[in-house]
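Let me begin by presenting the structure, written as structure tokens, before commenting on it.
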Amino acid sequence: MFGDTYYTFLRPEGYDATIKWESTATSNIGLDFGFFNNRVSGSLDYYSKKTSDLLSDVPVAPGANFVNRITTNVGDMDVHGVEFTLNTTPISTKNVHGILDLTLL
């Protein structure tokens, strides 16, 4: 605003010539099992996930760019683990049907 009039103008934004998309690679291998006519069943899974070129908003040194904060690639992240699931039916009669589920991550 200048006086009683509003003026619009363009200004440069922050710029990072090396920025790129995040990328993720995942893999999962599993084993499903059942015993005793499936009264005891479950699964065992191994998973792995690698994300590269994570994006984050980081501070920039004054005068190094047009802004004080810029979005850029900052690092990688690896996640892997095991998941175990166990399902049981300890009681199964004509009148009663009990189910027990257990999941461990």
Across the stretch 67-85, what is the number of residues that are among the acidic types (Asp, Glu), open to solvent by 80 Å² or more (accessible area, probe 1.4 Å) and either under 30 Å from Gly34 (Cα atoms) or part of a loop (DSSP other than H, G, I, E, B) (or both)? 0
Taking only pairs six or more apart or across chains, which ones have beta-carbon atoms under 6 Å, a first residue in the stretch 68-83 that is over 12 Å from Val58 (Cα atoms), and a second residue that is open to solvent by 90 Å² or more (accessible area, probe 1.4 Å) and not in a strand (DSSP E or B)? Glu83/Leu105
Among what's in the stretch 37-66 and is within 27 Å of Val82 (Cα to Cα) and part of a loop (DSSP other than H, G, I, E, B), pick the residue that is most open to solvent (accessible area, probe 1.4 Å). Asn37
Test Thr88 against the stated conditions and say whether it is of a type in the set (Ser, Thr, Tyr), outside any loop (DSSP other than H, G, I, E, B), touching a strand residue (DSSP E or B) at 6+ places or on another chain (Cβ under 7 Å) and in contact (Cβ under 8 Å) with a residue 40 or more places away in the chain. yes
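May I ask you to list the residues in the stretch 1-43 that are of a type in the set (Asp, Glu) and without any contact (Cβ under 8 Å) to a residue 24 or more places away in the chain?
Of everything in the stretch 1-43, those that are of a type in the set (Asp, Glu) and without any contact (Cβ under 8 Å) to a residue 24 or more places away in the chain turn out to be Asp4, Asp32.
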Do you know which of the residues in the stretch 25-36 that are open to solvent by less than 90 Å² (accessible area, probe 1.4 Å) and more than 13 Å from the chain's Cα centre (by Cα) is farthest from Pro90 (Cα to Cα)? Ser27
Tell me, please, whether a residue that is modelled with pLDDT under 80 and either touching a His at 6+ places or on another chain (Cβ under 7 Å) or of a type in the set (Lys, Arg) (or both) can be found in the stretch 61-71. no
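The values are calculated or read from the model by the stated rules, or taken from the named source; none is laboratory data. Note that the structure is a prediction, hence the values are computed from the model and not measured. Quick reminder, even Gly has a Cβ in these numbers, built from the backbone with ideal geometry, and neighbours come from all protein chains shown. Only protein heavy atoms, including side chains, enter the accessible area calculation; ligands, DNA and RNA are left aside. Shrake-Rupley method; radii C 1.70, N 1.55, O 1.52, S 1.80 Å.
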